[in-house]
Amino acid sequence: MDGDDIYDCINYITIKLKGGIDLARKVKCYETGEWGNSDTFYKAPDNHYYKSKQIYEQRQKRNQDYNQIKDIVCFEFLGYQKGQKFPTILTRKLNELSFYPNEVILETIQDQQENIIYWLNHKDFNSDYNKIAYIFAIISNHINDVYQQWKQKQYAKQKSKEIEKIQVEDIRPSVHKCSDISNWLDEDE
């Protein structure tokens, strides 16, 4: 293939693209499972397609919170070191709290951190299984309060966004479409 053939191929492809041929392929949202095409969906750095960038960022936040929960429980509460395998009961206990967003679970752990550390130091446990069960008993006893506060914060955020949107719409100047200015001219005389 010489240079002219390559040039002709590039021109042919360009013409086909300009001609309206849709080269987008059908893709599935990695988070929601909804189908769309590669032109309208967001392709994330993890090479998966998401319905929007916002859905991808929400997933990243949720995963970040989940990893932070595991790190706090394993490293701060149980004294594990990097590389040690965490107990499978941790995953099971987190799944029991699957109704609550990871953000709420994390906030509950942070609120009760001193309480958890106190009881881990002042109570005798036979195994890590028992420690994790006790940690999650403390979390379960306090998570509803944190969840209610979290819901109130979310509601307040939503309301403030709605108010901001209304205020922005009110600030926009209204444009009066009037082509006849003779009424104004008559008033000046």
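Laboratory data are not the source of any read-out in this text; all were calculated from the coordinates shown. This structure is a prediction, so every number in the text was calculated from the model and none was measured. Methodologically, a virtual Cβ is constructed for each residue, glycine included, from the backbone with ideal geometry; neighbour enumeration extends over all protein chains shown.
Data for the structure
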quantity: Mean Cβ neighbour count within 10 Å, used as a protection proxy, ranking 101-110, 64-73 highest first; calculated: 101-110, 64-73
quantity: In nm, spacing of pseudo-spin labels at residue 67 and residue 92 (7 Å Cα→C-beta vector); calculated: 2.6 nm
quantity: Computed FRET value (nearest 0.05) for residue 110 with residue 47, which takes r as the C-beta separation and R₀ as 41 Å; calculated: 0.80
quantity: Separation of the residue 157 and residue 140 label points, Cα + 7 Å toward Cβ, nm; calculated: 2.8 nm
quantity: Whole-Hz ³J(HN,Hα) from phi, Karplus 6.51 cos²θ - 1.76 cosθ + 1.60, for the range 62-68, glycine and proline x; calculated: 4, 5, 5, 5, 4, 5, 5
quantity: Net charge dipole size for the range 52-169 [Lys, Arg +1 and Asp, Glu -1 on Cβ; Debye, nearest 20]; calculated: 400 debye
quantity: Segment residue 34-residue 129, extension gain: residue separation times 0.36 nm, minus the distance between their alpha carbons; calculated: 30.3 nm
quantity: Contact order normalised by residue count of the range 52-169, Cα under 8 Å, 6+ apart, percent; calculated: 28 percent
quantity: Cut-off under 5 Å, modelled amide H: who pairs with residue 32 long-range; calculated: 51
quantity: The range 52-169: Cα Rg divided by the 2.2 N^0.38 Å rule of thumb; calculated: 1.28
quantity: Local electrostatic count, residue 31, Cβ distance below 14 Å [Lys/Arg +1, Asp/Glu -1]; calculated: +4
